Amino acid sequence: MVLDGKTFEVLETIEKEGFLRLNPAGDNRHMVVADGNSYTMLDMGAWTQEHGDHDHYYTTVPTLTSLSFAAEGTGHVIVDHGKSAMFADKTGTFDIYNPADLTGEDQRTVSTLEATQKTHTPAQETRQVLRPPTLS
């Protein structure tokens, strides 16, 4: 269920099977839904765009998008310094993306890195991987 942040009214009910975890995607619009086998982007339906000395606010119906990334044993999603990393526990890989690209033409562009260990520990180490100038 997606709730209105002020009234707690149910805006949308979205069905998805499995044990699900939600993490911020890093763009203040999407959440990452981890289901054990993939990460799928959930458009929360509200966003802001800066426009000079003021902001513009937009809304749409919340939607589970078709933007999905396979990940064996979905683990943590970490957002840091303008990049986001999705960690796959079973393979020890990180898929790294730019959150600003989630609604653009390059939305499926990710960089993949492999951890030295296949445990939860490397997920914490992504904070180092995401620090500039390591990635640009």
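The values are calculated or read from the model by the stated rules, or taken from the named source; none is laboratory data. Quick caveat, the model's predicted, so the values are computed rather than measured. Quick reminder, even Gly has a Cβ in these numbers, built from the backbone with ideal geometry, and neighbours come from all protein chains shown. The area values use the complete protein model at the heavy-atom level, side chains included, leaving out ligands, DNA and RNA. Shrake-Rupley method; radii C 1.70, N 1.55, O 1.52, S 1.80 Å.
Is there a residue being aromatic (Phe, Trp, Tyr) and closer than 19 Å to GLY82 by Cα anywhere in the range 22-41?
Let us first name the residues in the range 22-41 that are aromatic (Phe, Trp, Tyr), namely 39.
Those left that are additionally closer than 19 Å to GLY82 by Cα: 39.
Within the range 22-41, one or more residues are aromatic (Phe, Trp, Tyr) and closer than 19 Å to GLY82 by Cα.
Could you grab me the full set of residues in the range 97-106 that are outside any helix (DSSP H, G or I), open to solvent by less than 40 Å² (accessible area, probe 1.4 Å) and modelled with pLDDT of 85 or more? Steps first, answer last, please.
In the first step, residues of the range 97-106 are kept if they are outside any helix (DSSP H, G or I); the result is 97-98, 102-106.
Among the residues that remain, those that are also open to solvent by less than 40 Å² (accessible area, probe 1.4 Å) are: 97, 102, 104.
Across the range 97-106, the qualifying residue is only TYR97.
All but one of (1) in a loop (DSSP other than H, G, I, E, B); (2) open to solvent by less than 30 Å² (accessible area, probe 1.4 Å) hold for VAL61, so report the exception by its number.
All conditions pass for VAL61, except number (2).
Under 7 Å between Cβ atoms, which residue pairs at least 6 apart in sequence (or on different chains) link something in the range 1-16 that is closer than 27 Å to SER38 by Cα and assigned to a loop (DSSP other than H, G, I, E, B) with a partner that is open to solvent by 70 Å² or more (accessible area, probe 1.4 Å) and hydroxyl-bearing (Ser, Thr, Tyr)?
Taking only residues 6 or more apart or on different chains, the pairs are MET1/THR13.
Go through the residues of the range 30-50 one by one and say whether even a single one is outside any loop (DSSP other than H, G, I, E, B) and open to solvent by 80 Å² or more (accessible area, probe 1.4 Å). Explain how you work it out, then say what you get.
Step one: filter the range 30-50 for residues outside any loop (DSSP other than H, G, I, E, B), giving 30-34, 38-43, 46-50.
Now narrow it down to the ones that are open to solvent by 80 Å² or more (accessible area, probe 1.4 Å): 49-50.
Within the range 30-50 (the criterion being outside any loop (DSSP other than H, G, I, E, B) and open to solvent by 80 Å² or more (accessible area, probe 1.4 Å)), the answer is yes, since at least one residue qualifies.
Which one of the conditions (1) open to solvent by less than 80 Å² (accessible area, probe 1.4 Å); (2) within 24 Å of VAL110 (Cβ to Cβ) does HIS56 fail to meet, given that it meets all the rest?
(2)
Assigned to a loop (DSSP other than H, G, I, E, B), of a type outside the set (S, T, N, Q) and modelled with pLDDT of 85 or more: is that true of LYS118 in this structure?
On the way: assigned to a loop (DSSP other than H, G, I, E, B): yes; of a type outside the set (S, T, N, Q): yes; modelled with pLDDT of 85 or more: no.
Judged against the criteria, LYS118 is not a match.
Does ASP55 count as charged (D, E, K, R) and out of contact with any Leu (no Cβ under 9 Å at 6 or more places or on another chain)?
Values: charged (D, E, K, R): yes; out of contact with any Leu (no Cβ under 9 Å at 6 or more places or on another chain): yes.
Answer is yes for this residue.
Could you list, in sequence order, the residues of the range 14-53 that are small (Gly, Ala, Ser) and on the phi > 0 side of the Ramachandran plot? Reasoning before the result, please.
Let us first name the residues in the range 14-53 that are small (Gly, Ala, Ser), namely 18, 25-26, 34, 36, 38, 45-46, 52.
Of everything in the range 14-53, those that are small (Gly, Ala, Ser) and on the phi > 0 side of the Ramachandran plot turn out to be GLY18, GLY26, GLY36, GLY45, GLY52.
In the range 79-96, which residues are in a strand (DSSP E or B), open to solvent by 10 Å² or more (accessible area, probe 1.4 Å) and either in contact (Cβ under 8 Å) with a residue 60 or more places away in the chain or in contact with a Gly (Cβ under 9 Å, 6 or more places away or on another chain) (or both)?
Correct list: VAL79, ASP80, LYS83.
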